[in-house]
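Every number here is computed from the coordinates shown, using simple stated rules; none is lab data. All values reported here derive from a predicted model rather than from experimental measurement. Note: ideal-geometry Cβ built from the backbone for every residue, glycine included; neighbour counts use all protein chains shown.
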Amino acid sequence: MIMHSCSSYLVKAIGLTQALLALLVHGAKSFIHTRPDGFVIDTFRGGDFNDLGAWHGPGEGMPFDGGDGYIRLFPVNADQNYHTQLSSSCFDLRPYNYMYLHIAFAGTDKFSISLNQNNKQCDPGLSPYPETWDTVEASRYAISRYPLQNDIYVPISHFKIDLSRVVSVSFNGFYSDDILTLFRVEVLPDIPDDVSIPEKLPSGTMVLKCKRPNSFAFGIDDGEPYLAQHLMAILKEEGILVTFFVVGRGLESLESNFTQVYREMLSLGHQVALHSYTHPKMEGLRTIEQIDDEIVQSIDVMKHFLGIESRYFRPPYGIVGARTRERLAYFIDDPYIVNWSVDIADWLYANSSMPEMQLKSFEHDVKRGGDLVVMHYLSPSTVSYFRDAIRLARETGKQIMRVDQCMEDPDAPPLHKQTPYKLSLDPESSSEPLEES
Ligand SMILES: *[C@@H]1O[C@H](CO)[C@@H](O)[C@H](O)[C@H]1NC(C)=O
Ligand SMILES: *[C@@H]1O[C@H](CO)[C@@H](O)[C@H](O)[C@H]1NC(C)=O
Ligand SMILES: *[C@@H]1O[C@H](CO)[C@@H](O)[C@H](O)[C@H]1NC(C)=O
């Protein structure tokens, strides 16, 4: 009796297990079938287009050559890059967010891999394009497979961007002159069992445009001390507040007078933020220690000479990759890495035979919707066009403010403290606060 009931339970139990198993297998199968497959982005078959029919190619003069099934990059500068697009407008990568970006490559792994997000209009003709991106270090994800081919698997979820508007994958931030050969870029649902994925390191927030509707911000980088007083006079007369990104070594040098200049800028209500210690191409520095020195010393100098801290950082030359971003995020809580969407192009035209191109370049970017400026006060010509630039910005109807204010930073000073434009024409009444419109 006992035996019987036992075995009958056993039979029932086995039957149940089988049924469960069948259900599980069937369920898993139908689950797998409803998951989208991955897809191939690029196998470098030659020409300007990839496997998706979208553009691929180098940026900033990256030297390269290619054959049937590979592309070889010869980076000589940290700002060079190579893009392969998912779309020229917006590609919705959300259905693939649990998948992996797979890259088959040979050669150096001293570079960054970025996933680039298009602007809201999905329009390459507007500024900024791309709007932002997130980036990881290739070396943290790379594994050697065969003598001549390595693999990188990055979870799509490690790229903290709006996945509904992906425009391209890019290879950038090279910190070695070694060659990189790419064979394949694709999105895969699964990875081999022996691959272990590193944790995602925080990489800060990359901004190229203002968040506050109808705002406009001048981010002014380093300059010549002798032009500082002139610039300050313009700022006072125009009644605007701006953000200065200051190089640490300039700030601490007594003969430059920058300490006094930026103390005065602060007292007038301007924002003063970080721009490295010696202005190198930071991502191109060979070691993490060198990158750390630039960050830590610039923070220290700002604290010591101005008594302030900032989480806003503008990368020298706009060059930034995964290592710089990750180290910034290591030392600074939620750093804002401030690139730009309006370039006055003083670096190109200020000392050329066509200095007026600075204003043209400014206007061109403003017309495309740019609202976050990069400029310097290194040359008299740039400073002489500054009033015109302010006028062009005002003609858009946008309000000019500091970068932290245009980012809607809760720690930024309230907007209504800003001296309004109209009243500033009449110096007598400029102390009266104006209501925000
Ligand atoms: C240094 O800067 C301060 C603040 O702007 C200014 O008042 C002073 O005249 C400057 N000194 C020199 C020597 O330029
Ligand atoms: C910063 O923005 C400019 C203008 O959009 C762009 O040319 C440059 O490549 C950006 N910097 C990086 C590191 O991508
Ligand atoms: C233009 O030349 C001046 C003086 O030679 C120099 O100090 C400045 O850095 C140059 N400006 C730019 C934007 O390169």
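The table below gives the values:
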read-out	value
Expected 222 nm ellipticity per residue - DSSP helices of 4 or more, -39500 (n - 2.57), all of the chain, to 500	-9000 deg cm²/dmol
For T135, T205, order by how many other beta-carbon atoms lie within 10 Å, fewest first	T205, T135
Average Cα contact separation per residue, the chain, under 8 Å, 6 or more apart, as relative contact order %	16
Cα gyration tensor, the range 206-429 - rounded (a/c under 1.5), prolate or oblate	rounded
Rounded if a/c under 1.5, otherwise prolate or oblate - the chain, Cα gyration tensor axes	prolate
Filtered GluC sites (Glu not before Pro), the range 197-283: DSSP coil and at most 10 other beta carbons within 10 Å	E199
Within the range 274-343, trypsin sites (Lys or Arg not before Pro) in DSSP loop having at most 14 other beta-carbon neighbours inside 10 Å	R286
Chymotrypsin sites (Phe, Trp or Tyr not before Pro) within the range 94-141: DSSP coil, no more than 10 neighbouring Cβ in 10 Å	Y98
